[in-house]
1. Is any residue of the range 224-248 close enough, with backbone N under 13 Å, to a label point placed 7 angstrom from the Cα of Ser300 along the Cα-Cβ axis, and if so, which?
2. Quick one: 3J(HN,Hα) in Hz for the range 182-189, Karplus 6.51/-1.76/1.60 with θ = phi - 60°, rounded, Gly and Pro as x.
3. Counting only Cα, what are the radius of gyration and maximum Cα-Cα distance Dmax of the chain, in Å?
4. Per-residue counts of other Cβ atoms within 10 Å, averaged by peptide: what ranking do you get for 269-277, 65-73, highest first?
5. Which residue fluctuates most in the GNM of the chain (Cα springs below 10 Å): Ala249, Ala293, Ala60?
6. Dipole size in debye (nearest 20) for the chain around its Cα centre, Lys and Arg Cβ +1, Asp and Glu Cβ -1?
7. Which of the trypsin sites (Lys or Arg not before Pro) found in the range 234-307 are in a DSSP loop and have at most 15 neighbouring Cβ atoms, other than their own, within 10 Å?
8. For the chain, what does the helix formula give at 222 nm: sum of -39500 (n - 2.57) over DSSP H segments with n ≥ 4, over the residue count, nearest 500 deg cm²/dmol?
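The values are calculated or read from the model by the stated rules, or taken from the named source; none is laboratory data. This is a predicted model, so every value here is computed, not measured. In this analysis, Cβ positions are derived from the backbone assuming ideal geometry, glycine residues included, and neighbour counts consider all displayed protein chains. SASA here: full protein model, heavy atoms, side chains in, ligands and nucleic acids out. Shrake-Rupley method; radii C 1.70, N 1.55, O 1.52, S 1.80 Å.
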Amino acid sequence: MQQTVVEHIEPVAEDVVALTLRAASGALAPWEPGAHIDVSLPNWLTRQYSLCGDPGVRDAYRVAVRHDPLSRGGSEYVHRFLRPGRALDVSLPRNHFPLVPAARYLFLAGGIGITPLLAMLRAAVAAGRPATLLYAGPSVDRMPFAGELRRAYGDRVRIVETGRHGRPDLGALDASLAPHALEPDTLVYCCGPAGMLAAAQEAFPAGRLHTERFQPAVRSFGPDTAFEAVCARSGLTVPVPADTSLLDALAHAGRPVPSGCREGVCGSCEVSVLDGTPEHRDDIGASGGRMYACVSRARSARLVLDL
Ligand code: FES
């Protein structure tokens, strides 16, 4: 954990505030575009936010928080109760959405999905790569950072007010809206609501498209079944009943794993699998002998974990 202090809370759109979190002392851990942090709120909730500031600023992080009308307490707290001067613990940055080197970029943002793409656009432009941001939202006053982006990047930023013009058809983008979209060496990064992500997945081949979800995709899996988790370091065997997540079973057995979203999108609960076959149910794309304990289960009767 890293200790920060809320330095500044600034409205950046209707129902969206940007927080500047200054290091309590010294520098904060470095990060790269696409990274996010867990923020431990004073009401005991932990929430994940993409870093949307400048990675070159080493003593502060910037995040943006949309007031979710269906808030489970995180954004409600930030918007109603959080004040400058409040100390906040934040995690080290994690990055499941890294900016891969490419000849050119198309960034597709919907609403608060702009946050990870801000630093990506900055990095692409600084590297001298052709880059366009297509940014969709109901109206400019509800699109965080729209003015800041237009001032900084001019016609590299194409704003589409869906309330007036409808949603852009990602399957039929023309050069006026998205230069380079059809060129095979253009990488496409998309972050936004589920409909936009689905449209991007239809419009672009998987090898060119990188997406990040704030909400889990709607998918179905086979019935949940019981299995055993063996904690290799202690030899403890933890039964995981069919109606209990691996995350909860480990916590009940006294081997808690850090967690955040509990929906398979943030990556906080990653564990290493030494033996057995996980059933991956996350939206991050677990690989390399890893799994996310909040949602993923087992195809084998036993998993051996590096715990
Ligand atoms: S707690 Fe977020 S992925 Fe498991």
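1. 228-232
2. With the stated coefficients, the range 182-189 comes to 8, 6, x, 9, 8, 8, 10, 10 Hz.
3. Reported Rg and Dmax, both Å: 20.4, 61.
4. Highest mean packing first, the order is 269-277, 65-73.
5. Result: Ala249 has the largest fluctuation of those listed.
6. Rounded to the nearest 20 debye, it is 300 debye.
7. Arg299
8. Working: 6 runs with 49 residues, N = 307.
Computed ellipticity for the chain at 222 nm equals -4500 deg cm²/dmol.
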